[in-house]
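> Have a look at this one before I ask anything.
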Amino acid sequence: MTRAAEEKSRSNLQRQLASQILRYIRNNNLAAGAPLPEMRLAEEFKVSRTPVRAALEHLASQGVVDFESRRGYAVAQSAAEISAVPASPDTFDDDALYMRITTDYVEDRLDTLFTEADLMRRYEVGHGLLNRVLQRMARDLVIERNPGHGWRFALVLKSDDADMGSYRFRAIIEPAALLEPGYTLDRARALQVRRDHEAILATPRNKLAKIRLFHFYEMNAEFHELIAAGSGNGFLLQAVQQQNRLRRLLIYRWPYPLERIIESCTEHLELLTAAEKGEMEWASTLMRRHLELAARVMSEPGKAPVNQPRGAPAKKRQ
């Protein structure tokens, strides 16, 4: 690899890590002043300390983190105040390759067992880009190292039954999470989730269609994990997180209708409002209705979205 190619690969990794660190701050609801140890971040993202330090320096230049010689790096803005760094072309390349690999697998164009050399030839991509994507897929539990050589996809059913089975499972556990004793919503994290959803709803339709599907997936996953986390039940949260990882693999088998994205954001906000008011039974009902609607769109992707599934309760009167 030439020196120029090495520098480009290093720069791409640093930008990706900067975005991951921002997500880490938000997901852990870190307050201003919270330390960001380089070693801990390096272990979290499975990289060396050098690119982590470069990513932190980049975030420090933007005022997101602070640096002091004695303390090291620390959060400068609270999780609720941080806005996401705009996606770079390199991030788009990562997302696009991730999508191509997962789509080829679920549509039986890619074998369960594969090597990096196989994918480099198939997709005509460099080792740096491919390695980033494979490491990301491994963190998502979509793939795992094959004993001895190469990689293998996790044991995930590639059928419509898998999609619907996932929704049925979620319809059992996610409404129940809202009814757990002592349910406590993370208000700071909820505020950021609300802002993200409102930003989508405020986006003109012609521009909304150009936003990458990965963005909708990440925002949706963050919402459902926020709701599950409020239960204080680690088993429920772990189950939702695992479902989100599996859905990452299955979701690209069909185009998500734009109208359903808008409806989904609206439903999320309605549910979030109920949870913020402490109306947990109503929030649980809204969650079940939301999942039923999403399942119907999944089973009938060619049809227009519906406003209310059969048998769903009428909207609560104020």
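> Give the calculated FRET efficiency between E270 and N131 to the nearest 0.05, with a Förster radius of 35 Å applied to their Cβ-Cβ distance.
With R0 = 35 Å, the Cβ-Cβ based efficiency is 0.25.
> Taking θ as phi - 60°, what are the ³J(HN,Hα) couplings along the stretch 274-279 by the Karplus curve (6.51, -1.76, 1.60), each to the nearest whole Hz, with x for Gly and Pro?
4, 5, 5, 7, x, 8
> Taking the Cα centre of the stretch 104-144 as origin and charging only Cβ (+1 Lys, Arg; -1 Asp, Glu), how large is the dipole, in debye to the nearest 20?
In debye, rounded to 20, the stretch 104-144 gives about 240.
> Still on this structure, please answer the following. Using a Förster radius of 25 Å, what is the FRET efficiency between S61 and E38 based on their Cβ-Cβ separation? Nearest 0.05, please.
E(calc), rounded to 0.05, equals 0.90.
> While we're looking at this one, here's another question. Quick one: if you stick a label point 7 Å off each Cα along the C-beta vector at L201 and M164, how many nm between them?
It works out to 3.2 nm between the two label points.
> Using 7 Å Cα-to-Cβ label points, what is the M120/E107 separation (nm, one decimal)?
For the pair M120/E107, the computed spacing is 2.6 nm.
> Okay, next question. Need one number: nm distance between label points at D186 and L258, each 7 Å from Cα along Cα→Cβ, rounded to one decimal.
About 3.3 nm, to one decimal.
FYI, it's all coordinate maths here, none of it is from the lab. Remember, it's a predicted structure, so these values are computed and weren't measured experimentally. Quick reminder, even Gly has a Cβ in these numbers, built from the backbone with ideal geometry, and neighbours come from all protein chains shown.
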